[in-house]
Every structure is written in C-alpha cells, then in structure tokens.
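Comments concern the structure below.
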Amino acid sequence: MRPLSDSPATTRPPYLDAGLPVAARVADLLARMSLADKVGQMTQAERASVTPADVTAYRLGSMLSGGGSSPTPNTARAWADMYDGYQRAALDTPLRVPLLYGVDAVHGHNNVHGATIFPHNIGLGATRDPELVRRIGRATAEEVAGTGIHWDFAPCLAVVRDPRWGRTYEAFGEVPAIPEAMATMVSGLQDGVPSVLATAKHYLGDGGTTGGVDRGDTRLSEAELRALHLPPFRAAVERGVGSVMVSYSAWNGLPLHAHAYLLTTVLKGELGFDGIVVSDYNAVDLIDGEPGFTPEEVRTAVNAGLDMVMVPSEWRRFIAVLCAEVEAGRVPMARVDDAVRRILTAKFRLGLFESPLADRSWTPSVGSPAHRALAREAVRASQVLLHNDGGALPLARAGARYLVTGRNADDMGHQCGGWSITWQGSSGAITPGTTILDGIRAAAGGAEIVHDPGAERAGDGWTAAIAVLGEAPYAEFKGDRPELPGLDEADLAVLARLRAAGVPVVVVLVSGRPLDVAAHAGDWAALVAAWLPGTEGAGVADVLFGDHPPAGRLPVTWPGLYPFGHGLSY
Ligand code: GLC
C-alpha cells in the first residue's frame with residue numbers, strides 16, 4: 001500500500017508534506033482531528049486484545065506487545081507481518097495516522113526467537129563502558145526495526161538501592177552516575193538509521209522503594225530524590241529521549257501516575273522534556289489501590305501529565321471515559337492537545353508517515369553474527385572477578401581436566417534471565433546461542449571437559465571443578481525477595497560433593513543480583529559474577545581461560561563480602 005504522502009501534491013494536505021517543519025505538520029493534522037481521533041492517539045492497547053479492524057474502528061494510535069506477547073510462529077518475519085497488518089489497518093482511517101508499536105527490547109529484541117540477547121543492564125553496568133552500551137542500543141534498534149517496530153520501552157534507568165528488588169538486574173547500578181552514563185543507550189536506539197524511539201523508565205524512584213518492594217513507596221526528601229534518582233533522566237532528556245515511562249511506585253505515598261509536580265512541573269517543565277509520557281501497564285488502575293480504573297483515576301493521570309495510557313485490554317472503556325471527562329470539562333482540551341501534539345511529533349520525527357511499513361532490509365540483522373559478536377564482547381566486559389586464590393584463574397589448558405557442574409552451566413534460559421522469549425523467562429534451550437558450557441568446551445584447547453550437572457563424579461581427580469550456580473529466571477515483582485537470596489538446595493548439594501572430594505572449585509554465579517554466599521565463598525578457589533549474560537555464553541569462557549582478562553567492576557555492593565567498584569584482573 002502506498003503511503004498517503006505519495007498522493008499528488010495538489011490534493012495533499014500540509015501534514016503529509018514531508019518538506020514542511022514537523023511543528024507545522026502537527027498543527028495542521030491536529031486541527032483536522034475530532035475528539036475521538038485525539039483520544040484514540042492517547043490509547044495504547046495490547047496486541048492480544050486488538051484486531052486490525054479494532055485499530056481502524058477506534059483510530060488507535062499505539063499498540064504494544066507485552067513481555068512474551070509474540071505472533072505464532074515466533075520469527076522475525078512473522079513479527080514484521082503482524083506489525084504490517086496492524087499498520088495497514090491504522091492507515092485505513094480517514095486521516096491515516098500511522099500506529100506507533102512498542103515492545104520491551106530491554107536486552108536485545110528479547111521476545112523474538114533467534115534474536116541476539118545481550119547481557120542484562122546490571123552486567124552492562126559492570127563494564128563501565130557507555131560507548132559499548134550505545135553500540136548495543138544501535139544493534140538493538142536494527143533488530144527491532146527488522147520486525148517493523150519503532151518504539152522500545154528501554155532503557156531502564158533505575159538506581160537500585162536494595163538488591164531484594166526483583167528488577168535489580170534491569171538497573172545499571174546503585175549510584176546515579178552509572179545509569180546517567182549509560183543513557184547512551186538512548187542515543188544508540190534513536191540516533192541513526194533505523195531510528196527507534198527510546199523510553200527512559202521508570203520515572204521516578206522505582207529502584208528506591210522501601211525494602212526493594214516492586215511498585216512500592218520511595219520515602220525520601222525531595223533533595224534526596226533529586227540527587228539519587230533524577231540524574232539519569234536528565235541525561236536521557238539531554239540526549240533527546242522520545243518517551244518516558246512512569247513508575248508504578250509512589251513517592252512519599254503519592255503514586256507517580258498521579259504526580260502533577262514530578263510529571264509536569266519537573267519532567268516537562270524543569271527538564272524540558274518534549275516527548276511522550278506513557279503510563280506503565282494498567283498502572284492508572286493502581287492510583288486508588290483498587291482493581292480497574294475509574295473516571296477519577298483517568299482524569300487525575302491525564303491532568304497530571306500522562307500523554308499516552310497503556311490500557312492493554314480495557315482500551316474501549318478508557319476511550320469512552322476519557323472522551324466523557326473532556327466533554328464534561330474535567331480534562332481540558334488543551335491538555336489533550338498537548339498530549340496528541342507530543343505523540344504526533346514523535347511519529348513525524350520517526351518518518352512513520354513516509355515509511356509506515358516494516359523495512360525488511362533490517363530483518364536479516366536479527367540474531368546476526370555481527371550482533372552476536374558484539375554481545376559476546378559485552379559478556380566478556382561484564383564479568384567481575386571477585387576473588388582468585390592462588391591463581392586458580394585463568395584456567396590452564398594443556399593436560400588439565402575440568403568438571404563442569406551446576407544447573408546454570410548449560411541452560412540458555414537461566415543465563416538469559418527474565419524478559420527472554422517470555423515475560424518471566426524460563427529454563428532450557430529457549431533460543432539459539434552458546435551456553436557457558438558450550439563456550440568452555442570450545443575454548444578448552446587440549447583440556448579435558450566433562451559435564452556433570454550434579455557433581456556425582458566430583459572424586460575423579462580433576463584439576464578443578466567449574467561450578468556454574470545461581471538463580472532461575474524471574475521478572476518484576478515475582479523476583480522480589482524478603483531477604484537477599486543465597487544458593488538453593490541443588491547448588492548447595494553440588495558444593496557439598498565438591499568439598500567432600502577436596503577438588504578446587506571455581507564458582508561462576510549466573511544471577512540477576514548479588515547473592516548471599518558469605519558462608520561458602522571462603523571454600524572456593526575463585527569466584528566470578530557472570531550476571532545474566534544472554535545468548536552469548538561463550539564470552540564467559542573467554543575470561544575463564546584468560547583469552548580476555550576480567551575487567552568488570554561491581555555496579556552494586558555485594559552485601560557482606562565485596563564493596564561497590566570491586567573487581568580483580570589477572
Ligand atoms: C511492565 C513493566 C514495564 C514494561 C511494561 C510493558 O509491567 O513495568 O517495564 O515496559 O509493563 O511491558
């Protein structure tokens with residue numbers, strides 16, 4: 001289908017003239033829009049609850065795929081076909097305003113089978129390398145654009161203050177300076193061809209809640225809130241971030257989704273943010289603490305500064321409620337116009353009116369060797385060597401015999417963590433890549449490698465055992481813990497067998513956060529924090545065998561054992 005901008009210049013309305021300034025195109029289009037058109041633009045619905053016919057009938061301005069919400073088959077081509085189907089429906093409306101489709105590509109295009117999955121942000125924080133993070137953003141933009149999508153709900157710029165938080169691994173670090181520096185992810189995603197709208201999230205203070213409770217309450221003075229949690233968002237705005245997602249959490253008891261001072265006065269006013277403020281998933285429902293949203297919650301959120309509301313399934317009711325609130329004068333039309341102006345500006349800047357359909361030339365970039373090589377580089381740089389007694393590392397090759405054990409040695413799902421193919425992540429061979437064991441085998445040279453997950457053969461006279469232990473996947477509040485978690489029974493049983501056999505143990509922890517291992521670490525010859533490396537597990541072996549010395553430094557304090565910034569090398 002030809003975009004309308006191909007229509008003859010004589011009949012083409014100004015908003016379709018790509019030669020005009022964006023502001024002029026926005027003004028012309030806005031003047032042509034009914035209230036229904038405008039409210040449709042402010043509505044973001046989830047793909048499982050929307051048909052293309054719905055997009056046309058309700059003039060929806062945005063859709064998303066929630067975590068794991070993929071087409072069948074889950075291939076890059078099927079994603080692009082799905083996107084084009086919805087986009088064609090959006091163009092089949094009187095004003096033919098293209099759709100803006102969002103997805104959580106938070107460590108690569110992680111929902112898509114076969115995509116490159118990069119280390120989660122906590123590992124990238126350990127690299128202290130903003131340019132590497134920018135390059136990862138660029139590669140992610142290419143893979144996301146390869147499926148047609150133009151909006152990435154990333155980067156998370158949380159400052160994680162309590163590792164009991166289930167989203168610790170989505171943060172770059174515990175001090176503002178690290179996520180502030182890693183705002184380069186915004187430039188990677190947005191600056192270049194293809195351009196993908198980035199999202200600074202979750203504004204404000206998501207990582208500072210009491211007890212690390214996800215969606216909890218951040219109790220700080222304004223000075224502390226500004227000093228700890230605002231700098232990364234200021235850096236993202238200075239880099240031209242196109243959207244900001246509001247946090248589920250509250251500040252001193254007032255939910256961020258109802259916070260006019262922080263959303264309008266500070267973010268839009270003081271920081272000068274001119275992009276889209278988007279809600280989190282059904283987050284408006286939480287303002288009054290009761291399930292579902294009410295007219296009062298809708299008007300409170302929109303009047304506080306929300307420009308687009310993520311209403312995955314209840315989008316029909318949302319449209320009706322917001323239209324009624326505007327018609328009743330409880331939401332000023334000026335507020336609606338400001339929101340729609342921001343949304344349309346993003347769409348014009350992305351070139352969606354000229355090129356609304358998937359650019360299939362980027363589809364081959366999904367899971368490409370070049371992107372996987374970049375991911376492997378990031379895995380190497382994110383490894384943190386926490387201790388290394390007697391030079392246990394780097395591993396010798398010639399004549400050596402290693403037992404590779406532990407449940408996380410050969411599990412793609414565990415090394416990817418949450419937000420990988422599914423929302424919560426899962427165990428097993430979830431997507432192509434190299435497990436940590438694959439990498440050890442490939443890098444072993446003349447060394448003998450035996451894989452024995454339960455360490456039953458601990459006593460067979462090994463040079464050392466490489467025990468890859470840690471966490472199984474989780475996401476968001478499902479990862480919240482009342483206390484800092486330690487090792488589970490399976491890992492402890494493996495360690496007991498190794499200790500009984502007297503074999504030197506190199507522990508590699510695959511986890512989304514520091515773990516409480518103080519009672520055991522003294523038994524180990526070496527300890528490496530691998531974090532959640534993603535699909536290119538071979539990068540861990542690059543460091544274990546010394547082909548690349550460890551360079552990572554802790555982005556978070558390791559309670560009871562190692563300080564923030566700790567990291568050894570060879
Ligand atoms: C989730 C997360 C947010 C994500 C959104 C859409 O609940 O809080 O980070 O972007 O919903 O999936």
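Side notes on the structure shown:
- Based on DSSP H segments of at least four residues, each scored -39500 (n - 2.57), the chain has a per-residue ellipticity at 222 nm of -9000 deg cm²/dmol.
- Once the C-beta distance of Arg12 and Lys478 is scaled by a Förster radius of 51 Å, the resulting FRET efficiency is 0.50 to the nearest 0.05.
- Cα gyration tensor category, rounded, prolate or oblate, for the stretch 424-568 with a/c compared to 1.5: rounded
- Computed over the stretch 408-462, Kirkwood Rh from alpha-carbon pairs, angstrom: 12.7 Å
- Kirkwood-type radius of the stretch 4-364, with distances r between different C-alpha atoms, in Å: 20.3 Å
- If you take the Cα centroid of the stretch 162-198 and the Cα centroid of the stretch 230-263, the two points sit 14 Å apart.
- Relative to the Cα centre, the charge distribution of the chain, modelled as +1 at Lys and Arg Cβ and -1 at Asp and Glu Cβ, gives a dipole magnitude of about 980 debye.
- If a spin label sat at a point 7 angstrom from the Cα of Asp338 along the line to its beta carbon, no backbone N atom of the stretch 215-233 would be nearer than 12 Å.
- Mean separation of Cα contacts under 8 Å (6+ apart) over length of the stretch 383-544, as relative contact order %: 36 percent
- Between Leu20 and Asp389, the modelled label-to-label distance comes to 7.3 nm, taking each label 7 Å out from Cα in the direction of the beta carbon.
- Gain upon complete extension [Tyr261, His451; 0.36 nm per residue less C-alpha separation]: 62.7 nm
- Spatial separation of Cα centroids for the stretch 279-310 and the stretch 451-485, in angstrom: 41 Å
- Phi-based couplings in Hz for the stretch 157-162 (Karplus 6.51, -1.76, 1.60; Gly and Pro marked x): 10, 5, 9, 7, 9, 8
- Once you reduce the stretch 379-421 and the stretch 95-125 to the center of their Cα atoms, the two points are 26 Å from each other.
- Backbone amide hydrogens, once placed in the peptide plane, bring Leu64 within less than 5 Å of Ala45, Glu46, Arg47, Gly102, excluding anything fewer than 5 places away on its chain.
- Scattering curve values for the stretch 495-570, log₁₀ I(q)/I(0), Debye with Cα scatterers, q = 0.19, 0.27 Å⁻¹: -0.92, -1.42
- Scalar couplings 3J(HN,Hα) for the stretch 83-100, obtained by applying the Karplus form with A = 6.51, B = -1.76, C = 1.60 to θ = phi - 60°, are 4, 4, x, 5, 5, 4, 5, 5, 6, 8, 10, x, 8, 6, 7, x, 7, 10 Hz; x denotes Gly and Pro.
- Amide hydrogen neighbours beyond the local backbone of Thr75, cut-off 5 Å, H modeled: none
- Length available on full extension from Asp28 to Glu131: 0.36 nm per residue minus the Cα-Cα distance, which gives 33.1 nm.
- Pairwise FRET efficiency - Ala496 versus Ala48, Cβ, R0 = 41 Å, nearest 0.05: 0.35
- Here the 3J(HN,Hα) profile of the stretch 318-332, calculated from phi with Karplus coefficients 6.51, -1.76 and 1.60 at θ = phi - 60°, is 4, 4, 5, 5, 5, 4, 5, 5, 5, 5, 7, x, 8, 10, x Hz, Gly and Pro shown as x.
- The stretch 214-286 shape via C-alpha gyration tensor axes, a/c threshold 1.5: oblate
- If R0 is taken as 22 Å, the Cβ-Cβ distance between Arg226 and Asp274 corresponds to a FRET efficiency of 0.60.
- Taking amide H as placed 1.01 Å from N in the peptide plane, the amide H of Arg219 sits under 5 Å from that of Thr210, Asn252, each at least 5 places away or on another chain.
- Relative to the current alpha-carbon distance between Ala36 and Ala177, full extension at 0.36 nm per residue lengthens the span by 46.4 nm.
Only the coordinates and a few stated rules stand behind these numbers; no lab work does. Everything numeric here is computed off the predicted structure, so don't read it as measured data. Glycine gets a Cβ as well: all are built from the backbone with ideal geometry, and neighbour counts include every protein chain shown.
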